[in-house]
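Here's the structure, in structure tokens; my notes come after.
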Amino acid sequence: MYRIGQGYDVHAIADGLPMWLCGVRVPSDRGFVAHSDGDVAIHALCDALLGALALGDIGHLFPDTSDEWKGVDSKLLLKKVMERVEAEGYCIANADITIALQAPKLAPLISTMRETLAAVTRTPVACISVKATTTEKLGFVGRKEGCEVWAVVLLKRS
């Protein structure tokens with residue numbers, strides 16, 4: 001049996017904050033405004049995983065009103081979500097993530113991002129896709145005010 005899930009997340013960008021994407025620190029003097037570490041890509045992936053099994057969303061599981069999750073490394077959130085996925089008897093068949101960010105350029109980090117996500121999810125790297133795009137300077141992403149990420153996953157019975 002297979003299950004498909006889709007996730008989406010967006011975060012504003014501000015000066016002086018760290019930028020984390022797919023569990024990797026992105027060299028930048030600007031980062032994401034968030035209750036956690038702001039890893040918008042992992043948040044979208046978590047929502048896709050939870051959605052595939054109708055288990056809610058990360059805002060329900062890890063509310064931004066809780067001090068427990070303040071500043072948390074999003075890789076921990078992904079690990080906890082994967083524990084729920086595995087408890088339901090599923091694993092990732094493949095995941096596809098698209099990051100829309102005007103700057104900085106992410107191409108040099110894509111391999112490390114894929115490897116990091118694969119390690120946390122215990123999934124072969126060949127089954128994890130990460131792509132980056134700009135919005136050709138259009139909209140809030142193009143104005144460098146924020147980042148948006150879409151994630152799609154296919155889960156299969158373990």
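Results, tabulated for the structure shown:
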read-out: Compactness index (Cα Rg / 2.2 N^0.38 Å), the chain; value: 0.98
read-out: Electrostatic dipole magnitude of segment 9-158 [Cβ: Lys, Arg +1; Asp, Glu -1; Cα centre; debye, to 20]; value: 480
read-out: Virtual paramagnetic centre 7 Å along Cα→Cβ of A119, amide N under 17 Å, in segment 78-96; value: 78-80
read-out: Spacing of the two label points (7 Å from each Cα toward its C-beta) at M1 and S66, in nm; value: 2.7
read-out: Along the chain, longest interval not containing exposed trypsin sites (Lys or Arg not before Pro), exposed being DSSP loop plus at most 15 other Cβ atoms within 10 Å; value: 1-69
read-out: Cut-off 10 Å between beta-carbons: net charge of the residues surrounding L53, Lys and Arg +1, Asp and Glu -1; value: +1
read-out: Accessible-area composition of the chain, carbon plus sulfur, in percent [1.4 Å probe]; value: 54
read-out: Highest-MSF residue in the chain out of E136, E145, E115 [GNM, Cα springs under 10 Å]; value: E136
read-out: Estimated FRET transfer efficiency when R0 is 30 angstrom, pair R84-S111 (beta carbons, to 0.05); value: 0.60
read-out: Gain upon complete extension [A54, N94; 0.36 nm per residue less C-alpha separation]; value: 12.6 nm
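The values are calculated or read from the model by the stated rules, or taken from the named source; none is laboratory data. Just so you know, these numbers come straight off a predicted model, no measurement behind them. Note that each Cβ is placed from the backbone with ideal geometry, even for glycine, and that neighbours are counted across all protein chains shown. The protein model used for the area step is the full one, side chains on, heavy atoms only, and it has no ligands, DNA or RNA in it. Shrake-Rupley method; radii C 1.70, N 1.55, O 1.52, S 1.80 Å.
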